[in-house]
1. Return a yes/no flag: does segment 66-88 have any residue that is acidic (Asp, Glu), within 12 Å of the ligand (Cβ to nearest atom), modelled with pLDDT of 95 or more and over 13 Å from Val37 (Cβ atoms).
2. Considering only residues that are farther than 26 Å from Asp70 by Cβ and in contact with a helix residue (DSSP H, G or I) (Cβ under 7 Å, 6 or more places away or on another chain), which ones fall in segment 104-120?
3. For segment 26-65, which positions are more than 12 Å from the ligand (Cβ to nearest atom) and open to solvent by less than 20 Å² (accessible area, probe 1.4 Å)?
4. Starting from segment 124-137, keep only residues that are at pLDDT 95 or above, then list their pairs with residues that are among the basic types (Lys, Arg) and within 13 Å of the ligand (Cβ to nearest atom) whose Cβ atoms are within a distance under 9 Å, requiring at least 6 positions of separation or different chains.
5. I'd like the residue in segment 1-25 that is part of a loop (DSSP other than H, G, I, E, B) and free of Cβ contacts under 8 Å to residues at least 60 places away in the same chain and, out of all such residues, is least open to solvent (accessible area, probe 1.4 Å).
6. Are there any pairs with C-beta distances below 6 angstrom linking a residue in segment 77-98 that is of a type in the set (Val, Ile, Thr) to a residue that is open to solvent by less than 30 Å² (accessible area, probe 1.4 Å) and in a helix (DSSP H, G or I), with the two at least 6 apart or on different chains, and if so which?
Amino acid sequence: MSHSAHGARHVAIIMDGNGRWAKQRHLPRAMGHRRGVEAVRALVRAIRPLGIDTLTLYAFSSENWKRPEDEVSDLMGLLRHFIKSDLNEFITNDVKLKIIGDYRVLPGDLVTLIEGALAKTAGGRGGTLAVALNYGSQQEIVRAANAAAARGVITLDSLAAELDTADLPPLDLLVRTSGEVRLSNFLLWQAAYAELYFTDVLWPDFTVGHLEQALTEFANRERRYGGR
Ligand code: FPP
């Protein structure tokens with residue numbers, strides 16, 4: 001696909017199906033998450049080649065704390081490992097890391113790693129990887145509404161300016177894998193005019209080619225923003 005022929009600047013993905021991928025293979029769930037990180041890595045490398053500005057990934061929701069303790073700690077371990085192993089590649093590829101959600105309540109060493117990575121990639125101009133950590137869209141909207149109210153009257157713009165995504169381009173395309181057809185408290189405000197794309201592919205099997213298919217479909221949809 002030629003650079004930005006699809007016109008999507010900001011793509012977000014609900015990465016679902018790691019558990020089912022592992023179950024199908026009689027493997028522990030942790031293996032599904034581990035393979036899920038491989039899928040993440042391939043997509044991050046493709047940000048620039050695919051001509052998108054921002055890729056936002058739902059890695060850990062504010063509801064995911066309800067999972068068994070060992071699964072939560074597996075996911076934290078994978079994030080730790082991902083930042084350590086891929087930070088240099090981000091810097092080389094000029095990719096900027098961004099976090100949405102309240103990551104400050106994560107384990108202290110992970111917060112330190114994240115803040116180091118944010119600082120080291122802050123100047124990145126080759127695209128943005130936004131990772132949602134301890135993110136919940138309703139919580140984000142309530143917090144943003146309170147912040148906007150504290151500054152004066154709430155308007156569409158004053159509220160949007162307080163969202164975690166304030167400095168990101170408008171959301172164009174929201175993808176969810178594994179056949180589930182719901183938003184699960186992800187980017188509810190931001191998805192107002194986004195195109196939604198659902199695929200049965202389980203997250204560990206999701207490739208750059210699958211994202212290209214989604215972008216091709218996006219390019220063929222007619223966006224009206226309520227007009228006609
Ligand atoms: C959904 O699968 C996936 C998650 C809850 C976690 C997603 C996290 C990763 C892919 C790894 C860490 C991310 C980064 C950015 C390095 P599920 O467990 O809900 O699957 P199931 O619905 O089949 O059980």
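1. There is at least one residue in segment 66-88 that is acidic (Asp, Glu), within 12 Å of the ligand (Cβ to nearest atom), modelled with pLDDT of 95 or more and over 13 Å from Val37 (Cβ atoms).
2. Lys120
3. Matches in segment 26-65: Ala46, Ile47, Leu50, Gly51, Ile52, Thr54.
4. Every condition considered, the pairs that remain are Thr128/Lys98; Leu129/Lys98; Ala130/Lys98; Val131/Lys98.
5. For segment 1-25, the residue satisfying everything is Ser4.
6. That search, which allows pairs on different chains as well, returns Ile83/Ala117.
A quick yes/no check of all residues on (1) on the phi > 0 side of the Ramachandran plot; (2) among the acidic types (Asp, Glu); (3) open to solvent by less than 20 Å² (accessible area, probe 1.4 Å); (4) under 17 Å from the mean Cα position of the chain (by Cα):
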site: Leu79; (1), (2), (3), (4): no, no, no, yes
site: Gly116; (1), (2), (3), (4): no, no, no, no
site: Ala119; (1), (2), (3), (4): no, no, no, no
site: Ala132; (1), (2), (3), (4): no, no, yes, yes
site: Ala144; (1), (2), (3), (4): no, no, yes, no
site: Ala161; (1), (2), (3), (4): no, no, no, no
site: Ala166; (1), (2), (3), (4): no, no, no, yes
site: Glu180; (1), (2), (3), (4): no, yes, no, yes
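The values are calculated or read from the model by the stated rules, or taken from the named source; none is laboratory data. These numbers come from a predicted model, not from an experiment. Neighbour counts are summed over all protein chains in view; Cβ atoms, including those assigned to glycine, are modelled from backbone coordinates with ideal geometry. For the accessible areas, the whole protein counts, side chains as well, though only heavy atoms, and no ligand, DNA or RNA atoms are used. Shrake-Rupley method; radii C 1.70, N 1.55, O 1.52, S 1.80 Å.
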